Amino acid sequence: MSAATTHRAPSELSKNELTSQPKSALAWLTVPALFFFVVFAVIPLIGVLILSFARWDGIGAIGAAGMENWTSVLADPDLYNSLGLTFLIMIVSWLVQTPISLLLGVFTAGTQRYRAALAVLYFLPLLLSSAAVAIAYKALLDPNFGLAMGLGLPFLAQDWLGVPQLALGLIIFVIAWQFVPFHTLIYQGGVRQIPKSLYEAAQIDGAGTIKQFFHITLPQLKYTIITSSTLMVVGSLTYFDLIFVLTGGGPGNSTRILALDMYLRGFRANLMGPASVIAVVLVVIGLALALFLQRLGGKDKQGSQLEGM
Amino acid sequence: MSTLLKSDPVTGSPGSPTSSVKAKQSLRTRMKRLNIPGGLGGWIWLAIIIIPIYYIVITSLKTSEGYFGQNPMALPASPTLENYQLVLEANFSTYFMNSVMVTLGSVIPTVLISFMAAFAIVRGRGRYLKFVNGVFLMGLAIPLQATIIPIYLMIIRLNLYDSLLAIMLPSIAFAIPLTVLILSNFIRDVPNELFESMRLDGCSDWQTMWRLALPLTRPAIVTVAIYNGLHVWNGFLLPLVLTQSPELRVLPLGLWTFQGEFSVNIPAVLASVVLSTLPILVIYVLGRRQLVSGLTAGFSK
């Protein structure tokens, strides 16, 4: 497939580019990147669709399965459980992370020395891998030797990983702990690009701090909010590592999000066909969300908005 | 990310340089007034961040008597490095070297080939380049983890299963779209006159790319290299699925298996967490500014 596209390129270009000769050579520079991307991303993307109609245990021969995988997975209540959980975690973590990141972003955009010092510490969680964060939280939550005991806060001594609602809440908290710093950085950058003149004008008009926040800061951050939200929402489809290490999908199936469901069906239950069906669902959701959020951003400002970020 | 999808490869960047100049001045007057609610929230968040990290570090320095006997938040009565010794004896140096190799082996090719592609997309014209750009932009919107099963199949068929190369190849492919996007944004900011003068001096595109575009976009290259490096360094799913042998484990995977084996020895488990983060912490201390800009990789340029 990649060979076909690369071979077509020069002839097409020579038609378009007769006037500026040297530029046609530029097309070749994209070949290595395109090759890697096509072989290890585009072909697998097509492969996942094909495998969703196949029967394969991950080791033996691959056979045709017809619609079998699709009918069995679509009739499986576990799919809807995973789907619901994925959206629940996506929406609740968005609701938790966005206001916190926004406020911290505005806060750390200030010039005061102590804020810069705080910002240095805020970003520490970004240095840890999801596996490290999950392992650390398991230790932290030990009712006898963890935070609950250390801080003298008995309400923290719960069976966090044993009760479905608590496990879900814990995951949302840990996701926020890990990713709020990243989104704070994005908002900090956004706030720093708001022109000063807007605030000066507002001051002359007698607008207070709160009014300025809602009438200038927030509207000016519209595109930053959309960028951050897109990263959060599409990224939430891939919280695999954290949940895999922290809860393994449990207790029961109460934290088995789609990505985890795909992994467990494919590599634990050796049902690659049904796992591929889940993968296709994941791809479709990802694309749909990205397109939806792009619409929210409006069509007019795309080019310059991109630069603003 | 998808808000970036429609960016036109040809048009320039209106507005950005001027607004960033203005922004610098805007800070002082405005920010002093948001102090009270922002400050309170700021300190609360600091506590939320620091308390777990404090716990991880002090516990990793405790003996098991200290862990079971002391208050969990108290400083270790007799600090010890024996947990770290235990972790190092459990092959962590191998995991560390594997992580270094996988990270360098992914990031260097990614940045190199993405830079070439970005240069072509910005400087060239024609339907083919537009098409390539469109393919990469589409790649941004796809959760590439979903392709893990066909990747597993391909890696087996290529006889690469259970090798470090198996982790690198998909890592490179997954990182290309964003890297191309960010680098092309930076190359677009290079004034056209500079390219013109190179052309008048008789330089080929190839020479212009290495002698003009590369030096001028070096900060951006460092930024994307760090961003991609962190992702590969912390990556978990690809090593989990594509390798098997203990001697090929990368750090996150080693961490996970270590935790499984030593689950009763919490101080040692936490020492492994600290140890696996230490290299990145060193980078953070040495080049915080670069790392921070690398983390957002141009999302907030």
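Just how far, in whole angstrom, is segment A:251-272 from segment A:158-186 if you go by their alpha carbon centroids?
Comparing the Cα centres of segment A:158-186 and segment A:251-272, I get a distance of 20 Å.
For the protein assembly as shown, take N as its residue count and report Rg(C-alpha) divided by 2.2 N^0.38 Å. Show your work: numbers first, answer last.
On the way: Rg = 25.0 Å, N = 610, 2.2 N^0.38 = 25.2 Å.
The protein assembly as shown yields a ratio of 0.99.
What ³J(HN,Hα) values, in whole Hz, does the Karplus curve 6.51 cos²θ - 1.76 cosθ + 1.60 give for segment B:75-89 when θ = phi - 60°, with x put for Gly and Pro?
5, x, 5, 10, x, 9, 9, 5, 5, 5, 4, 4, 5, 5, 5
What ranking of B:Tyr84, A:Tyr187, B:Tyr54 comes out by heavy-atom accessible area, probe 1.4 Å, highest first? Walk me through the intermediate numbers first.
Numbers: B:Tyr84 35, A:Tyr187 0, B:Tyr54 80 Å².
Most to least solvent-accessible, the answer reads B:Tyr54, B:Tyr84, A:Tyr187.
Averaged across the residues of B:133-143, what count of C-beta atoms belonging to other chains lies within 10 Å of each residue's C-beta? Could the numbers behind the result be given before it?
On the way: counts 1, 0, 8, 5, 0, 5, 4, 3, 11, 11, 16.
Average per residue, whole number: 6.
Nearest 100 Å² is fine: how much accessible area is buried between B and A, summed over both sides, with a 1.4 Å probe?
Summing both sides, the interface buries roughly 11000 Å².
Grab the alpha carbons of segment B:32-80, take their convex hull, and tell me the volume per residue in Å³. Let's see the in-between values first.
Working: hull volume 3.9 nm³, N = 49.
Spelled out: Cα convex hull of segment B:32-80, divided by residues, is 79 Å³.
Take every residue in peptide A:228-237, count the Cβ atoms of other chains within 10 Å of its Cβ, and give the average of those counts.
Numbers: counts 2, 1, 7, 5, 0, 2, 6, 2, 1, 4.
Partner-chain Cβ atoms within 10 Å, mean over residues of A:228-237: 3.
So how much accessible area does B:Val264 have, in Å² to the nearest 10, using a 1.4 Å probe?
Around 120 Å² of this residue is reachable by solvent.
Pop out the ³J(HN,Hα) list for segment B:111-126 in order, Karplus 6.51 cos²θ - 1.76 cosθ + 1.60 with θ = phi - 60°, rounded to Hz; leave Gly and Pro as x.
Each residue of segment B:111-126 in turn: 5, 4, 6, 5, 5, 4, 5, 5, 4, 5, 5, 6, 8, x, 9, x Hz.
For segment B:81-296, what's the relative contact order in percent, using C-alpha pairs closer than 8 Å and at least 6 residues apart?
Details: 198 pairs, mean separation 75.8, N = 216.
Contact order relative to length: 35 percent.
In sequence order, what are the phi-derived ³J(HN,Hα) couplings for segment A:189-200 according to the Karplus relation 6.51 cos²θ - 1.76 cosθ + 1.60 with θ = phi - 60°, rounded to whole Hz, with x for glycine and proline?
Couplings: x, x, 4, 5, 9, 6, x, 4, 4, 4, 6, 4 Hz.
Once the cut-off is 15 Å, how many percent of the Cα-Cα pairs in segment B:169-213 end up in the long-distance tail? Walk me through the numbers before you get to the answer.
Numbers: 534 of 990 pairs.
That fraction is 54 percent.
May I ask you to work out the translational diffusion coefficient for segment A:121-255 at 20 °C, viscosity 1.002 mPa s, via Stokes-Einstein with Rh from the Kirkwood sum over Cα pairs, reported in whole µm²/s?
Details: Rh = 17.5 Å.
This corresponds to a translational diffusion coefficient of 122 µm²/s.
Arrange the peptides B:44-50, A:253-259 so that the one whose residues have, on average, the most other Cβ atoms within 10 Å appears first. Don't skip to the end; give the middle numbers.
Values: B:44-50: 15.1, A:253-259: 22.1.
My ranking of the peptides, most packed first, is A:253-259, B:44-50.
Can you quote the Å³ per residue value for the convex hull of the Cα atoms in segment A:41-114, rounded to an integer?
Output value, Cα hull per residue: 177 Å³.
Calculate the spin-label point distance for A:Asn81 paired with A:Leu49, positioning each point 7 Å from the Cα along the beta-carbon direction, and give it in nanometres.
The two pseudo-label positions are separated by 3.1 nm.
Kindly sort A:Glu68, B:Glu196 by accessible area of their heavy atoms, largest first, with the probe set to 1.4 Å.
Values: A:Glu68 90, B:Glu196 65 Å².
Reading off the accessible areas and sorting them downward yields A:Glu68, B:Glu196.
Based on the Kirkwood radius over alpha-carbon pairs, what is the Stokes-Einstein translational diffusion coefficient of segment B:89-243 at 20 °C with 1.002 mPa s viscosity, in µm²/s?
So the translational diffusion coefficient is about 126 µm²/s.
Peptides A:28-39, B:55-66: what's the order by average Cβ count within 10 Å, highest mean first?
Numbers: A:28-39: 21.8, B:55-66: 20.2.
Per-residue mean Cβ counts within 10 Å order the peptides as A:28-39, B:55-66.
Defining a contact as two alpha carbons under 8 Å apart and six or more residues distant in sequence, what relative contact order in percent does chain A show?
Working: 301 pairs, mean separation 80.7, N = 309.
It comes to 26 percent, rounded to a whole number.
With N set to the residue count of segment A:33-162, report its C-alpha Rg divided by 2.2 N^0.38 Å to two decimal places. Kindly include the intermediate steps, with their values, before the conclusion.
Details: Rg = 23.1 Å, N = 130, 2.2 N^0.38 = 14.0 Å.
Scaled against compact globular proteins, the figure is 1.65.
Taking only the Cα atoms of segment B:156-301, how large is their convex hull per residue, in Å³?
Output value, Cα hull per residue: 142 Å³.
Quick check: with the 1.4 Å probe, what order do A:Tyr239, B:Tyr161 take by accessible area, largest first? Please report the intermediate quantities before stating the final value.
Details: A:Tyr239 20, B:Tyr161 75 Å².
Accessible-area ranking of A:Tyr239, B:Tyr161, largest first: B:Tyr161, A:Tyr239.
Shielding by partners for A:190-203, please: the mean number of other protein chain Cβ atoms within 10 Å of each residue's Cβ. Could you put the intermediate results ahead of the total?
Details: counts 3, 6, 7, 10, 6, 8, 9, 3, 3, 5, 3, 0, 1, 3.
Counting other chains' Cβ atoms within 10 Å and averaging over A:190-203 gives 5.
Return the carbon/sulfur percentage of the accessible area of the protein assembly as shown, one whole number, probe 1.4 Å, all protein chains in place.
Numbers: 16900 of 25160 Å².
So the carbon and sulfur contribution to the accessible surface is 67 percent.
With all protein chains present, calculate the accessible area of A:Arg192 using a 1.4 Å probe and round the result to the nearest 10 Å².
Per-residue accessible area (A:Arg192): approximately 90 Å².
Report the calculated FRET efficiency for B:Asp162 and A:Trp28 (r = Cβ-Cβ distance, R0 = 35 Å), to the nearest 0.05.
Numbers: r = 35 Å, r/R0 = 0.99.
With a Förster radius of 35 Å, E is 0.50.
Separation between the A:Ser197 and B:Gln290 pseudo-spin-labels, each 7 Å from Cα along Cα→Cβ, expressed in nm?
Label at A:Ser197, label at B:Gln290, 3.7 nm between them.
In µm²/s, what is D for chain A at 25 °C and 0.890 mPa s, where D = kT/(6 pi eta Rh) by Stokes-Einstein and Rh is the Kirkwood radius from Cα pairs? Please report the intermediate quantities before stating the final value.
Working: Rh = 23.2 Å.
Taking Rh from Cα pairs, D becomes 106 µm²/s.
Considering only A:Trp177, B:Ile155, A:Val120, whose Cα is most displaced toward the positive end of the charge dipole of the protein assembly as shown, charges sitting on Cβ of Lys, Arg (+1) and Asp, Glu (-1)?
Highest projection toward the positive end goes to A:Val120.
Just how much of A:Ser72 is accessible, in Å², when a 1.4 Å probe is used and the result is rounded to the nearest 10?
60 Å²
The values are calculated or read from the model by the stated rules, or taken from the named source; none is laboratory data. Here the structure is a predicted model, which means the values were calculated and not measured. Cβ atoms come from the backbone with ideal geometry, glycine included; neighbour counts cover every protein chain shown. The protein model used for the area step is the full one, side chains on, heavy atoms only, and it has no ligands, DNA or RNA in it. Shrake-Rupley method; radii C 1.70, N 1.55, O 1.52, S 1.80 Å.
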